[in-house]
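The structure is given below, and queries will be raised subsequently.
The values are calculated or read from the model by the stated rules, or taken from the named source; none is laboratory data. Computed from a prediction, not measured in an experiment: that's the story for all the values here. We place every Cβ from the backbone using ideal geometry, glycine too, and count neighbours over all the protein chains shown.
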Amino acid sequence: MALSSNVQQDKVRIQTVLMNFVTKWGTILAIVGLLLFFSISMPDIFMTPSNITTILRSISIVTVIAIGITISLTINGFDLSIGSMATFADTLVISMFVWHSMPTVPAILVTLVVAMVVGAFNAFLIVKVKIPDMLVTLASLFIFEGVAMTYAGGGSISQGMPRLDGTPTFGIIPDIFKTIGTAPTIIIIMLVVVALAHVFLTYTKYGRYLYVVGGNMEAARLSGIPVDRYRALAYLLSALLAAVGGIILASRIGSAQINAGAGYLMPSVAAAFIGLSVAGAGRPNAIGTFAGAVLVGILENGLVMMSVPYYSLNIIKGSVLVLALALTYFRKK
Amino acid sequence: MKGISIEFPGVKALSNVDINIESGNIHALVGANGAGKSTLMKIMAGAYNHYTGSIFLNGNEVAIRSPRDAKNLGIEIVYQEVDTALVPYLSVAENIMLNVLVNKMGRQVFVHWPKIHQAARQILKRLNIQIDTNEIVQNLKLAQKQMVLIARAIAEDCRFLILDEPTAPLSNTETVELFRLLKDLADNHNVGIIFISHRLPEIFEICKDITIMKDGQVVTRQSVADLSVAKVVEFMLGQKLSEVFPKRKANIGDTLFEVAHLTEKEGSVKDVSLYVRAGEIVGVTGLVGAGKTELCKTIFGSLKTKSGDIKIKGIKRTINSPFSAVSQGLALVPEERRKEGVLVEEPVFSNLSAATLAKFSTPLGFIKSLLEKLNARNMITELSIKTPNENQKVAYLSGGNQQKVAVGKWLNADADVFIFDEPTKGVDVGAKHDIFELIGRLAVAGKGVIYATCEFTEILGITDRAYVMYDGQIAKELETANTDEEKLLFYSTGGK
């Protein structure tokens, strides 16, 4: 009797330890596993410097946008509208160049400021009008997308293309702006964003307040933390980072395309959720999100190289998100 | 139950516990916070499946590995945290009949609402509770929610009923009602009742046998008749408790804080005037629902003020949010600690610095984490918080220790006025003593303390002056030295 109960206890303990290990280091293991798998199956082409650069370049935009989601997750919120916000920023910045012949720095600044104003719209509806975040940002996803399209006149904008009413355009996209979207600048921007977000969330009191607000809003409020202010801040930062993502996107494709940012929503959400559990953090964090983005990026790159058709990739990306969510929620009771 | 043991990461919560409960009997289970009472009861209710040991029912060994197993054996539990067991946006009737709706529908597809409401009404009538079955549960008061939960347990074919701190949120009349019902269940329906409570006099009132636990083990099992309150406390603590209320020499100074004609927007606090002097502990008492909590929250800016003036050190101030309250030197330890006081998912150290983080950061906002943790360690020793270290999640601490954390986070704040709202609710005698001592120290240091509680003994034990509230208003101001429980009760119940 005593023996059998001990055996059972041991079994339970081993299961717990194993489960903990998988949750903590699963992402890192998966990255290493995928690297090994792709390197072995494609020895000549996968593990080359140029392909590594390609992977890092391809995850840059995802990472920047995912950091925005991570910040909205810290306050226990969620921002679905980031993809549309990226499209919006893409359209806006390109129009500044092509329609208004602006130089690089003012064009970017105008875009960021407008994005923050639009982000304040989300924050206002969530914090003051008290609509649930998921629903507000679902609505604003459509609004931002529509505004971007209306602004662009229902089509794309690119250099030399006349406006919809037939006015010719003379603005050009400066070369310096185009370098933003190329390696190594794009990778450096990504790493700087990750590092700044990490320092902000982990080492400053503002970051701590965000987590406190997310952990227990009422307790935070009664501790004298101006809760509304920090919730608004989180949505502003998430909008800002989505806009940064959109600007990089604009630089990379050199034009404003309809719904260009929409495709970034899903992998960014996946990266942020994968990041929750990395190294046992148990909370949204910048480094984890970066690891999540790397995982998604490697997977996508490797599968494309293995000639998996692009239209099937979403199945795999979606499944990775489900797995990440499963790891997050399965043990929460 | 024989030889029950269970472990959680890092803690051995129960070791080799034996307990036996007879039908038709009210059995008390007591112990200090963290002694393992709640854990033991959760095992009995099927909330954990990784325990070892055996459970016997009527002499047959049974396995309880899930809540359903427990239900099938007729074991019902009413948890201390009532909100976790209720569906806030469903009606009272639906909540009471939840198990019936879920498990007893059979092949029936459509719900017969009149029948559900009628059944719920009958149960409430049996319990002598007046709540409209159409009311939405989230609009109920804590005491009413508790009643709904007990009603739900009764709705089932119940052989054993576990009540975890059932009387904590109840007023005196509600408690009397509850006891009448428990006695009826035990005597006439042969239900075995396990009654967990920190209010020892209650146990002597209604329980026949008592099991006392300490540090995850059973210390003794006896007939209540052979024990005294002092003896039970001794078993719980493992030592004699000389004095629950520490002595303090009051050194009262100038008026620190003054409220004049304060009225809350919804009218839960009406025309309240009070003042607190430096070094003074001012009690606010009254029955449950008298408006004590609302008064605390209105002063703290958490509820909206309709009219009234607040003066701090003689200067008129506006407090319109907890943020402005804190920056003007107020601190509040709220009533519902898990919901409002602590961050359960965060470690002890960040809880202890949540209200004073600016003190542990550089002007640019970077946290000096070494200083923060050092502070946490000091605080843990100073308040004797039971935790392996400062990185432990607060969720893993016992109720009394969570409360110490909720108090501890304010000790570094440069607050002048501390508001405590029922700080000893669900806290054992030992931790109570610690908290009283702490409050006494604050007063000695020249702070003003507002102490809201419905426990008259605490008002008499630690305050210098007390206000009695009735129906949102202050019914009477009393010097503690010249009053007694009878007077407090007289004014609390609307006496003039």
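Could you look through the stretch B:293-335, keep only residues that are in contact with a Lys or Arg (Cβ under 6 Å, 6 or more places away or on another chain) and within 14 Å of chain A (Cβ to nearest Cβ), and pick out the one that is surrounded by the fewest Cβ atoms within 10 Å (Cβ to Cβ)?
Filtering first and then ranking leaves B:Lys304.
Still on this model: Out of B:Ala431, B:Ala475, B:Ala481, report the one residue that is more than 30 Å from B:Lys386 (Cβ to Cβ), out of contact with any strand residue (DSSP E or B) (no Cβ under 6 Å at 6 or more places or on another chain) and outside any loop (DSSP other than H, G, I, E, B).
From the options B:Ala431, B:Ala475, B:Ala481, the qualifying one is B:Ala481.
A further question on this structure: Could you look through the stretch B:417-451, keep only residues that are within 14 Å of chain A (Cβ to nearest Cβ) and of a type in the set (A, V, I, L, M), and pick out the one that is surrounded by the most Cβ atoms within 10 Å (Cβ to Cβ)?
B:Ile419
Name the one entry in B:Ser273, B:Ser228 that is polar (S, T, N, Q) and closer than 21 Å to B:Leu488 by Cβ.
It is B:Ser273.
Further question on the same structure: Out of A:Val213, A:Val244, report the one residue that is in contact with a helix residue (DSSP H, G or I) (Cβ under 6 Å, 6 or more places away or on another chain), within 14 Å of another protein chain (Cβ to nearest Cβ), in a helix (DSSP H, G or I) and crowded, with 20+ Cβ neighbours inside 10 Å.
Selected residue: A:Val213, the only one of A:Val213, A:Val244 that is in contact with a helix residue (DSSP H, G or I) (Cβ under 6 Å, 6 or more places away or on another chain), within 14 Å of another protein chain (Cβ to nearest Cβ), in a helix (DSSP H, G or I) and crowded, with 20+ Cβ neighbours inside 10 Å.
Can I ask one more? How many residues does the stretch A:24-33 contain that are exposed (fewer than 13 other Cβ atoms within 10 Å of the Cβ) and among the β-branched types (Val, Ile, Thr)?
1
How many of the residues in the stretch A:280-312 are assigned to a helix (DSSP H, G or I) and loosely packed, with under 15 Cβ neighbours inside 10 Å?
5
Suppose we keep only residues that are hydrophobic (A, V, I, L, M, F, W, C), touching a residue at least 12 places away in the same chain (Cβ under 8 Å) and in a helix (DSSP H, G or I) within the stretch B:366-416. Which one would you say is farthest from the other protein chains (Cβ to nearest Cβ)?
B:Ile380
Residue-wise test of (1) away from chain A (no Cβ under 14 Å); (2) assigned to a helix (DSSP H, G or I); (3) in contact with a Gly (Cβ under 8 Å, 6 or more places away or on another chain); (4) of a type in the set (Asp, Glu).
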position	(1), (2), (3), (4)
B:Asn49	no, no, no, no
B:Ala70	yes, yes, yes, no
B:Ile77	yes, no, no, no
B:Thr84	no, yes, no, no
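Could I ask something else about it? Among the residues of the stretch A:34-56, count how many are exposed (fewer than 12 other Cβ atoms within 10 Å of the Cβ) and in a helix (DSSP H, G or I).
Adding up the residues that qualify gives 5.
Right, something else. Take the residues in the stretch B:462-490 that are closer than 22 Å to B:Gly279 by Cα and out of contact with any Asp or Glu (no Cβ under 9 Å at 6 or more places or on another chain), then tell me which one is surrounded by the fewest Cβ atoms within 10 Å (Cβ to Cβ).
B:Asn482
Shifting gears a bit: Return yes or no: is A:Val62 in a helix (DSSP H, G or I), closer than 22 Å to A:Leu196 by Cβ, touching a strand residue (DSSP E or B) at 6+ places or on another chain (Cβ under 9 Å) and not small (Gly, Ala, Ser)?
No, not satisfied.
Enumerate the pairs (first residue in the stretch B:338-355 and at the interface with chain A (Cβ under 7 Å from one of its Cβ atoms) and without any contact (Cβ under 8 Å) to a residue 24 or more places away in the chain; second residue anywhere and among the aliphatic types (A, V, I, L, M) and not in a loop (DSSP other than H, G, I, E, B)) with beta-carbon separation below 8 Å, excluding pairs fewer than 6 apart on the same chain, so at least 6 apart or on different chains.
From the stretch B:338-355, the pairs are B:Glu340/A:Ala219; B:Glu340/A:Leu222; B:Ser350/A:Val212.
Name the pairs whose Cβ atoms lie under 9 Å apart, with the first residue in the stretch B:175-191 and under 17 Å from B:Cys454 (Cβ atoms), the second basic (Lys, Arg), and 6 or more positions between them or separate chains?
Hits for this filter: B:Thr175/B:Arg199.
Just checking: which of the strands (runs of 3 or more DSSP E) contained wholly in the stretch B:166-269 hold 2 or more residues that are of a type in the set (Ser, Thr, Tyr) and outside the structural domain of B:Val282 (by TED's automatic domain parsing)?
B:217-223
Report whether or not B:Ala290 is in the same structural domain as B:Met469 (by TED's automatic domain parsing), within 23 Å of B:Ile459 (Cβ to Cβ), surrounded by 19 or more Cβ atoms within 10 Å (Cβ to Cβ) and modelled with pLDDT of 90 or more.
No; evaluated as a whole, the condition is false for this residue.
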